[in-house]
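I have placed the structure first, in the form of structure tokens, so that the comments after it can refer back to it.
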Amino acid sequence: VSFASRSGKLSASVEPAAAGKRDSLVLDFPAEPPLPVEAEGGPDGQPLAEILSAVQAGLWPGTAADPARVVAVLRNRMDVFVRVTPEAFAEIPIRGVRDESLAAVVARGVVATAAAQPDQGCDFVSRFFAPRLLISEDPVTGSAHCGLAPMWGAILSRSGEELRARQMSKRGGELVVRHDLASGRVSLKGSAVTTVSGRLRVPAP
């Protein structure tokens, strides 16, 4: 099934699994590669120092600011992506991030991300916070991976390849993502549990 949206064409399909395993849902979305935030912030963004101050206070509340935690700050048209060290990522509390501090970041949401540890069984990990939308933390965020897939594909020199991602919210979620450079699209593959079913009637044009 395909939908026409303000972000462009969004498609969803089912990938059948082997016997005894759950089918996968595959979403096909436009890629949203993030770009580095300059010190002055650029014409549409806030200064880097403001973002770093808000992120340090929001992600690691009650601790002294440590510039070594943050590897890079990037943004696309929706979100700010904060790449941190694996050690710093592990220190972000499951509960208790400071929403009022993260809300100072002028963006839809803040994505904290890091290279995966060897025992995590994936290529990169992330968490998504959107206090400006009154969402303290989203369990699994497909749209954020439209930026994470091209970002980590470039970092790992694996653009165009499938990458395994884990969103480390309390509920958690796992995805397989791939950035197709030729089409400028990202595929997001994972499993889901049906909680509601129904019929949607679309009037004839």
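The values are calculated or read from the model by the stated rules, or taken from the named source; none is laboratory data. Predicted model only: the values in this text are computed from it and were never measured. Here the Cβ is made from the backbone with ideal geometry for all residues, glycine too, and neighbour counts use every protein chain on show. To get the accessible areas, we keep the full protein, side chains included, count just its heavy atoms, and leave off ligands, DNA and RNA. Shrake-Rupley method; radii C 1.70, N 1.55, O 1.52, S 1.80 Å.
Checked against (1) on the phi > 0 side of the Ramachandran plot; (2) surrounded by 14 or more Cβ atoms within 10 Å (Cβ to Cβ), Ala116 passes all but a single condition, namely (1). Take the conditions (1) under 20 Å from Ala165 (Cβ atoms); (2) modelled with pLDDT of 95 or more; (3) open to solvent by 20 Å² or more (accessible area, probe 1.4 Å); Ile94 misses just one of them, which is (2).
So that you can scan it fast, the table gives a plain yes or no per residue for (1) touching a His at 6+ places or on another chain (Cβ under 7 Å); (2) in a loop (DSSP other than H, G, I, E, B); (3) more than 19 Å from Val84 (Cβ to Cβ):
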{"residue": "Gly20", "(1), (2), (3)": "no, yes, yes"}
{"residue": "Val26", "(1), (2), (3)": "no, no, yes"}
{"residue": "Phe29", "(1), (2), (3)": "no, no, yes"}
{"residue": "Glu40", "(1), (2), (3)": "no, yes, yes"}
{"residue": "Ala49", "(1), (2), (3)": "no, no, no"}
{"residue": "Ser53", "(1), (2), (3)": "no, no, no"}
{"residue": "Ala57", "(1), (2), (3)": "no, no, no"}
{"residue": "Thr63", "(1), (2), (3)": "no, yes, no"}
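Take Arg95 and tell me if it is under 22 Å from Gly173 (Cα atoms), assigned to a loop (DSSP other than H, G, I, E, B) and not aliphatic (A, V, I, L, M). Yes, satisfied.
With respect to Ser187, is the statement that it is open to solvent by 20 Å² or more (accessible area, probe 1.4 Å), in a strand (DSSP E or B) and farther than 29 Å from Gly96 by Cα true? Yes: the conditions hold for Ser187. From the residues in the stretch 53-75 that are open to solvent by 20 Å² or more (accessible area, probe 1.4 Å) and closer than 30 Å to Arg6 by Cα, which one is farthest from the chain's Cα centre (by Cα)? Here the answer is Ala72.
Within the stretch 9-26, the set of residues being more than 12 Å from Gly190 (Cα to Cα) and either among the hydroxyl-bearing types (Ser, Thr, Tyr) or modelled with pLDDT of 80 or more (or both) comprises Lys9, Leu10, Ser11.
Within the stretch 98-140, the set of residues being more than 16 Å from Leu52 (Cα to Cα), of a type in the set (Val, Ile, Thr) and not in a strand (DSSP E or B) comprises Val140 only.
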